[in-house]
Amino acid sequence: MFNSSSLWPVQPSQRLLQPLWDHLLLHHRPLISSPFFIVLLAFSCYVCFSVPFALLDLLGEKLPYFYQYKIQQDRKPTLKMMSKSFTTALYNHLVFVLPSVTIGTFILPSPMLPQDAPTLYDVFVDGLAALLLFDAQYYLWHFMHHKNPHLYKWIHAVHHEYVSPFSWSTEQLSIPELLTVGFWSNLDPLLLRCHPLTTWCVTVFSIWMSVEDHIGYDMPWTLNHLVPFGLLGGAPAHDMHHQKPNSNYAPFFSHWDRLFGTAVSLKRKYKY
């Protein structure tokens with residue numbers, strides 16, 4: 001068998017990730033090779049990323065330094081609202097997502113885990129490609145579901161129960177929307193032939209961006225401020241979408257909304 005490694009030396013950026021990948025293969029192969037791993041990873045990230053902002057919402061004015069960045073200060077999520085959103089997400093995963101994955105194990109072959117880790121360049125480029133592809137898919141899906149009253153009522157309206165989003169509402173989704181998002185999230189890395197480690201990094205990062213979109217706070221250190229040129233919409237864009245649903249359809253980036261004239265900026269003065 002032809003071995004390309006004899007011609008091409010291992011890149012330094014690949015060596016950086018190889019020890020981590022070797023450790024995962026040696027000590028955690030049953031876990032990471034399970035089709036349920038990606039579900040566990042995504043849901044645990046949703047929980048871990050949401051908890052700090054939920055505590056921030058509950059403490060409110062008791063933390064004035066952080067509360068000054070809340071976008072809609074006249075609308076505060078209650079513990080009951082948070083509980084409903086989390087319960088909906090948990091129910092959807094237990095009753096629909098896990099059975100769907102179980103059925104898929106009988107249809108699709110188990111993926112083979114490569115021995116070589118990806119390079120840092122591959123993780124960045126392939127991960128960015130997966131995020132951009134998902135962003136385009138969801139923009140179109142989102143736009144269609146807001147323009148068609150039947151699609152909105154029966155599929156997307158669940159997510160718009162609250163005018164002021166909060167972290168737990170990130171995954172308050174109807175079953176069709178959740179399964180659609182999950183389908184793209186799993187299919188896109190396969191189409192782009194991403195390394196499993198890249199796919200998991202994309203999963204964690206996309207969950208973080210999704211939660212950050214829904215936190216209801218425009219903090220100076222969030223990604224939409226750290227990434228230059230306004231490339232990311234962040235919480236201000238998505239908060240405005242919940243206030244004015246015919247705007248800011250893209251989940252992460254801002255170029256589609258700018259291109260099609262659906263971008264609406266949040267008009268607000270900040271103290272930082």
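No value in this document is a laboratory result; all are computed from the given coordinates. Here the structure is a predicted model, which is why all the values come from computation and not from measurement. As a convention, Cβ positions derive from the backbone with ideal geometry for all residues, glycine included, and neighbour counts pool all protein chains shown.
If R0 equals 25 Å, the separation of the Cβ atoms of SER174 and LEU133 corresponds to a calculated FRET efficiency of about 0.65. In a simple Cβ point-charge model (Lys, Arg +1; Asp, Glu -1; nothing else charged), the chain has a dipole of about 680 debye relative to its Cα centre. Pairwise inverse Cα distances across the chain, averaged and inverted, put the Kirkwood hydrodynamic radius at 20.1 Å.
Panel order for TRP168, TRP200, by other beta carbons found within 10 Å of each beta carbon, from fewest to most: TRP200, TRP168.
Model label points for THR87 and LYS153, set 7 angstrom from Cα along the Cα-to-Cβ axis, are 2.6 nm apart. Go ahead and estimate [θ] at 222 nm for the chain from helices alone: -39,500 (n - 2.57) per DSSP H run with n ≥ 4, summed, over the residue count, rounded to 500. That calculation yields -17500 deg cm²/dmol at 222 nm. The average projected area of region 64-143, computed from the convex hull of its Cα atoms over all directions, is 10.4 nm².
Given the C-alpha centroids of region 33-77 and region 150-186, what is the distance between them in whole angstrom? First find each Cα centre; the distance between them is then 17 Å.
Once the Cβ-Cβ distance of LEU140 and PHE66 is raised to the sixth power relative to R0 = 30 Å, the FRET efficiency obtained is 0.25. Model label sites at SER265 and TRP221, defined 7 Å from Cα along the beta-carbon direction, differ in position by 2.6 nm.
In a fully extended conformation the segment linking PHE96 and SER33 would gain 20.6 nm over its present Cα-Cα distance, using 0.36 nm per residue. Each peptide among 238-250, 124-136, 56-68 gets the average number of other Cβ atoms lying within 10 Å of its residues, and from highest to lowest they stand as 238-250, 124-136, 56-68. Remark: CYS48, CYS194, CYS201 ranked as CYS48, CYS201, CYS194, counting other beta-carbon atoms within 10 Å and listing the fewest first.
For region 98-158, what class follows from the C-alpha gyration tensor (a ≥ b ≥ c being the square roots of its eigenvalues): rounded when a/c is under 1.5, otherwise prolate if a/b is larger than b/c, else oblate? Taking the square roots of the gyration eigenvalues as a ≥ b ≥ c, region 98-158 is oblate.
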